[in-house]
Amino acid sequence: MKTTILLPVISLFLFLASCTNPNDKKVNDQTSESSESGVTSTDWRSRYDKLEASDLPDNVIQLIGKEWMLVTAGDESSYNTMTASWGGMGYIWERPSTFIFIRDTRYTYQFLQQHESFTLSFFNEKYRNALRICGTMSGRNTDKVKEAGLTPLETPSGLMSFEEARMIIECKKMFIQELDYANLAEPYKSKIMEEAYKNEPSKHQMFISEIVNVWIKK
């Protein structure tokens, strides 16, 4: 008698299970991973590999000094970017770090002050002209990202970079200090002041920041 009662119940359970769409969970997971920029974390993982800072594939002097980078601060609603060729990477306070130098007259400097994190973006040589545009135009009065032909991209952390970048480094500020040119050592003092500050005497601010994430485009 008990067997007779249980068989219809088991049959009903198997029928309901067979009606469940196996893709429902996948769709729901992808929906929950969606970011405001429309790029899901699943999409991100398919497009970028995460790298340890100690495994950077590039020579840093070549990477920054010769190939240049974009420093971008802000969020999707309001951000700015600028080309930079001063800076470096290393290790301080038990953390892999970057150090960059930004003039306090630059529009991007305001965004760096307002936000705790920013990105450094690196590109292949074919984007050299885009970097020139971002280094010569001001975001105060022009949409230089559009002029440069770059596509804004929000990282999973909510920081801004660009789809064309081959490598994105997410940085979190640790230390900010104005450079005191009185501390320049001779014989560099007069030479550096003549080369770097003759036409624009604004101050450089140094940002030392922890490397939080390194993303390499696949």
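All of the numbers you see were taken from the coordinates with simple rules; none came from a lab. If you're wondering where the values come from, they're calculated on a predicted model, not measured in any experiment. Backbone-built Cβ (ideal geometry, glycine too); neighbour counts: all protein chains shown.
Just subtract the alpha-carbon distance of Phe101 and Ser190 from 0.36 nm times their residue separation and send over the number in nm, one decimal. List each step's numbers first, then the result.
Numbers: separation 89, 0.36 × 89 = 32.04 nm, distance 1.95 nm.
So the extension gain works out to 30.1 nm.
Whole-Hz ³J(HN,Hα) for each residue in region 68-80, computed from phi via Karplus 6.51 cos²θ - 1.76 cosθ + 1.60 with θ = phi - 60°, x for glycine and proline: what do you get?
6, 8, 9, 9, 10, 9, x, 10, 4, 6, 7, 8, 8
Regarding region 128-203, what's the average projected area of the Cα-atom convex hull, expressed in nm²?
Mean orientational projected area (region 128-203, Cα hull): 7.7 nm².
What residues have an amide H closer than 5 Å to that of Glu164, excluding those fewer than 5 places away on the same chain, when H is modeled at 1.01 Å from N in the peptide plane?
Excluding prolines and chain starts, which carry no amide H, the hits are Thr151.
Collect residues whose amide H, placed 1.01 Å from N in the peptide plane, falls under 5 Å from the amide H of Tyr48; neighbours closer than 5 in sequence don't count.
It is Lys218, by chain and number.
For the peptides 94-107, 73-86, 42-55, what is the packing order when you average, over each peptide's residues, the other Cβ atoms within 10 Å and list the highest mean first? Please report the intermediate quantities before stating the final value.
Details: 94-107: 16.9, 73-86: 18.4, 42-55: 12.9.
Descending mean neighbour count gives 73-86, 94-107, 42-55.
If packing is taken as the average number of other Cβ atoms within 10 Å across a peptide's residues, how do 140-146, 201-207, 177-183, 167-173 rank, most packed first?
Values: 140-146: 13.3, 201-207: 15.6, 177-183: 9.6, 167-173: 21.4.
Descending mean neighbour count gives 167-173, 201-207, 140-146, 177-183.
Tell me which aspartates and glutamates have Cα within less than 14 Å of Lys146's Cα, excluding those fewer than 8 residues away on the same chain?
Straight-line reach from Lys146, under 14 Å: Glu163, Glu164.
For all pairs of alpha-carbon atoms in region 68-108, what percent lies in each bin of width 10 Å, listed from the first bin to the last filled one?
25, 45, 28, 2
Calculate the FRET efficiency for Asn124 and Lys146 from the Cβ-Cβ distance with a Förster distance of 25 Å, rounded to the nearest 0.05. Numbers along the way, then the final one.
Working: r = 20 Å, r/R0 = 0.80.
For R0 = 25 Å, the calculated efficiency reads 0.80.
At 0.36 nm per residue, minus the direct Cα-Cα distance, what do Ala182 and Ser78 gain on full extension? Give it in nm, one decimal, please.
Values: separation 104, 0.36 × 104 = 37.44 nm, distance 3.59 nm.
Taking 0.36 nm per residue and subtracting the Cα distance, the gain is 33.8 nm.
On average, how much area does the Cα convex hull of region 119-161 cover when viewed from any direction, in nm²?
Working: hull surface 13.3 nm².
If I average the Cα hull's projected area over directions, I get 3.3 nm².
Looking at the calculated P(r) for region 59-218, what percent of the C-alpha pair distances fall above 21 Å? Walk me through the numbers before you get to the answer.
Numbers: 5726 of 12720 pairs.
Here the long-distance tail beyond 21 Å is 45 percent of all Cα pairs in region 59-218.
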